[in-house]
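The values are calculated or read from the model by the stated rules, or taken from the named source; none is laboratory data. In this text, all values refer to a predicted model and were calculated from it rather than measured experimentally. Note that each Cβ is placed from the backbone with ideal geometry, even for glycine, and that neighbours are counted across all protein chains shown.
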Amino acid sequence: MFILLFSLSYFYVFCLFPIVSLSETVCEFTVDALVTQILEEQSLDEQSEALVSRVCSEIVDEEDNRRCQRSSRSYWYYLAPFIYELGILNDMDAICSIQHSDVDECAVCGLRVQDMADNLKENQDAIIALIQGDVYCNMENAWWDIPKCQEEITWYIPRALVVIAEYMIESFAGTEASSFCADPVGAC
């Protein structure tokens with residue numbers, strides 16, 4: 001009897017508890033994998049082109065439009081890691097605490113991508129402050145007009161985050177066999 005109870009307690013400790021932590025690990029893996037993929041060169045190219053076509057196109061003045069295009073193509077690669085760290089990675093616990101019950105793992109993965117996109121947009125004010133500060137506008141040896149840069153960032157980042165959130169969902173939230181959720185996550 002003692003051996004049976006002892007064996008059952010090991011079963012509960014080693015078999016049931018890892019299922020709970022496995023679920024958390026899958027979410028953390030999903031978050032890390034998505035950030036890794038959106039920071040790959042091809043993805044950054046696609047993001048900067050989406051920003052050029054959907055954000056810069058709102059600017060009517062030809063010179064300002066060209067500057068927006070040039071900056072989007074040149075600086076997005078530099079800014080994206082800071083933005084994704086603040087807007088996604090730093091909130092991994094909050095993202096992974098969102099419950100998506102009554103759906104299969106493939107659907108959960110797609111919903112996690114949506115959660116990350118939403119979280120990115122929700123961090124808009126903190127991202128603006130970060131970029132207006134030492135990370136970009138007020139960086140050491142900045143040669144540009146800092147107040148003008150800060151004003152442009154206040155206009156640009158809210159629009160950029162919407163475009164990038166949509167890009168994330170369109171590019172990574174699919175549930176088909178060839179999607180991000182199938183590989184590398186392995187949920188579909």
If you take just the helices (runs of 4 or more DSSP H) that sit entirely in the range 91-188, which of them hold at least 2 residues that are on the phi > 0 side of the Ramachandran plot and not charged (D, E, K, R)? none
The lone exception for I38 - which of (1) loosely packed, with under 15 Cβ neighbours inside 10 Å; (2) over 21 Å from P147 (Cβ atoms); (3) of a type outside the set (K, R); (4) under 13 Å from the mean Cα position of the chain (by Cα) it fails: (1)
Within the bounds of the range 5-26, is there any residue that is at pLDDT 95 or above, closer than 21 Å to A117 by Cα and loosely packed, with under 15 Cβ neighbours inside 10 Å? no
Using the structure shown, decide if A33 is in contact (Cβ under 8 Å) with a residue 40 or more places away in the chain, more than 18 Å from L161 (Cα to Cα) and in a helix (DSSP H, G or I). yes
Answer from S97, S48, S53 - the residue that is surrounded by fewer than 13 Cβ atoms within 10 Å (Cβ to Cβ) and under 16 Å from V163 (Cα atoms): S53
Tell me yes or no: at least one residue of the range 100-112 is surrounded by 15 or more Cβ atoms within 10 Å (Cβ to Cβ), more than 13 Å from L34 (Cα to Cα) and without any contact (Cβ under 8 Å) to a residue 24 or more places away in the chain. yes
